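As structure tokens, the structure follows; a few thoughts come after it.
The values are calculated or read from the model by the stated rules, or taken from the named source; none is laboratory data. All of these numbers come straight from a predicted model, not from anything done at the bench. Note that we place each Cβ from the backbone using ideal geometry, even for glycine, and neighbour counts take in every protein chain shown. For accessibility, only protein heavy atoms count, side chains too; no ligands or nucleic acids. Shrake-Rupley method; radii C 1.70, N 1.55, O 1.52, S 1.80 Å.
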Amino acid sequence: MTDPTAAPKKLFIKTYGCQMNVYDSQRMAEAMGAEGYELTEDQSQADMVLLNTCHIREKAAEKLYSDLGRLKPLKAEKPDLKIGVAGCVAQAEGEEITRRMPLVDLVVGPQAYHRLPAMVRGEAPKIVTDFPEEDKFDHLPQRRATRRAPAAFLTVQEGCDKFCAFCVVPYTRGAEVSRPVERILREARDLVSRGVREITLLGQNVNGWHGAGEDGRDWGFGRLIRAIGEIEGLDRIRYTTSHPNDMADDLIDAHRDVPQLMPYLHLPVQSGSDRILKAMNRKHTADHYMRLIDRIRAARPDIMLTSDFIVGFPGETDQDHADTLRLVAAVSFGTAFSFKYSPRPGTPAYDRPEVDGAVADARLQELQALLSRQQKAAQEGMIGRTLGVLFEKPGRIAGQMIGKSDYLHSVFVEAPEAQVGDLVQVRIIESAPNSLHGELAA
Ligand code: 5AD
Ligand code: SF4
């Protein structure tokens, strides 16, 4: 038990990678809050440093070891400093981490965060990377009833059974597990009661979520969104990340029917070449993706689409790359992430002959140039339109607010009277490289 009269200890968390890690870091911070730790932004003040790692692309482990190396002077100065490694590198590397870096006190995999407080107390092993049967979130202490920022994440699903040939997620995050409906709804209602107006539902394969509904029926993700849409006071719903093969009709229909569901969809396709999609084990073709996009746009014509791409996957030819560019040109994305293929140990593609590095670099540049033209066009297309903007923080200039538009663009607005958490109508007047400028609509 913690001594309530003791001065709070300070916890510094560094989060790498995806939104799921951001969410997990918040939950770990809350769990450690119950142990008497409060968050600090200043690593040198910390009594405990937690590195929440990402393993999706190369050099993750090397980056972790160099970050740990940089903690040596702090540990020398403060021998009681606790150093923890969480996340997917913790899962993948396990005891290798404490072997190489004896200054590390604990290693905790993403499915074992509920053990973290006991680990810190020394009541559990130093290294926990098992996959428990139960819902890890169930065993994390409840969030304290504090006000929350207006936009929050909520994990509804974890893990992945898709086994794309390049990807470590099925190994680091494990099999797909959906959280039950009533826990998700309880957490969503609780967030709303604490000032949250926008919830982003998270999962590695979020649209594969399914569960037993309140009506006794089997619910898919579209049905869950409808239920969340009934929560009074929740203005916006988003979700990420989705697989094309799990875009069920009901989910597409939800984009037409649920007004809170924002007109924005991140739907990774990875490549526009059927040969490469097959080698990636994506289990869909470029044409399947294009037809899906048509159906989604029929349901919600103004939807903004974004995607992920990998260039230089083993076996990729100039023709395959041209097919990717053609798909991008045909869809027109609002923005997209593109990566050079990075071979990950333990994945099926690891040993396949690599594309020449310079060729892959050139393809990445070409793809990114096309994607940034599309991003610019999408932003400029917003000029003159009036959009909802949820204010998340004050801008750098006095009287300015910054928030996200319905389409997830950052928008800055002169709004001296406004508060964080206000959802207002804004007319877009200008497009800057990574944001939009707007004015309050009359
Ligand atoms: N190499 C390059 N990019 C990858 N991604 C996943 N694994 C790899 C890899 N081995 C990308 C995919 C995925 C995104 C989160 O990261 O595009 O959608
Ligand atoms: Fe990785 Fe593919 Fe699963 Fe996405 S769908 S997490 S890329 S295996």
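Annotations
- Single condition Lys340 does not satisfy, out of (1) more than 29 Å from Ser431 (Cβ to Cβ); (2) within 23 Å of the chain's Cα centre (by Cα): (1)
- Residue count for the range 418-442 satisfying the condition of being open to solvent by 30 Å² or more (accessible area, probe 1.4 Å), among the small types (Gly, Ala, Ser) and not in a strand (DSSP E or B): 2.
- Residue in the range 48-64 that is exposed (fewer than 13 other Cβ atoms within 10 Å of the Cβ) and away from ligand 1 (no atom under 16 Å from the Cβ) present: no
Matching residues to (1) among the acidic types (Asp, Glu); (2) surrounded by fewer than 20 Cβ atoms within 10 Å (Cβ to Cβ):
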| site | (1), (2) |
| --- | --- |
| Glu77 | yes, yes |
| Gly84 | no, no |
| Val89 | no, no |
| Glu96 | yes, yes |
| Asp105 | yes, yes |
| Val108 | no, no |
| His114 | no, no |
| Ala118 | no, yes |
| Ala124 | no, yes |
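- Residue check for Gln157: open to solvent by less than 30 Å² (accessible area, probe 1.4 Å), within 16 Å of ligand 1 (Cβ to nearest atom) and touching a residue at least 24 places away in the same chain (Cβ under 8 Å): yes
- Once the range 169-191 is narrowed to residues that are aliphatic (A, V, I, L, M) and open to solvent by 10 Å² or more (accessible area, probe 1.4 Å), the residue that is farthest from Ser25 (Cα to Cα) is Ala175.
- Scanning the range 361-392 for residues that are within 14 Å of Gln425 (Cβ to Cβ) and hydroxyl-bearing (Ser, Thr, Tyr) gives a single hit, Thr386.
- Contacts under 8 angstrom Cβ, first residue in the range 414-432 being farther than 12 Å from Arg197 by Cα and in contact (Cβ under 8 Å) with a residue 24 or more places away in the chain, partner in a loop (DSSP other than H, G, I, E, B) and open to solvent by 70 Å² or more (accessible area, probe 1.4 Å), 6 or more apart: Arg427/Arg385; Ile428/Ile383; Ile428/Arg385; Ile429/Ile383; Glu430/Ile383; Ser431/Ile383
- Residues that are touching a residue at least 12 places away in the same chain (Cβ under 8 Å), away from ligand 1 (no atom under 16 Å from the Cβ) and surrounded by 15 or more Cβ atoms within 10 Å (Cβ to Cβ), drawn from the range 296-307: Ile296, Ala299, Arg300, Ile303, Met304
- Some residue of the range 192-207 being open to solvent by 20 Å² or more (accessible area, probe 1.4 Å), in contact with a helix residue (DSSP H, G or I) (Cβ under 7 Å, 6 or more places away or on another chain) and more than 16 Å from ligand 1 (Cβ to nearest atom): no
- Residue pairs meeting the criteria (Cβ under 7 Å; at least 6 apart or on separate chains; first within 11 Å of Lys126 (Cα to Cα) and in the same structural domain as Leu50 (by TED's automatic domain parsing), in the range 83-111; second hydroxyl-bearing (Ser, Thr, Tyr) and assigned to a strand (DSSP E or B)): Val85/Thr53
- His284, sole failed condition from (1) within 16 Å of ligand 1 (Cβ to nearest atom); (2) crowded, with 22+ Cβ neighbours inside 10 Å: (2)
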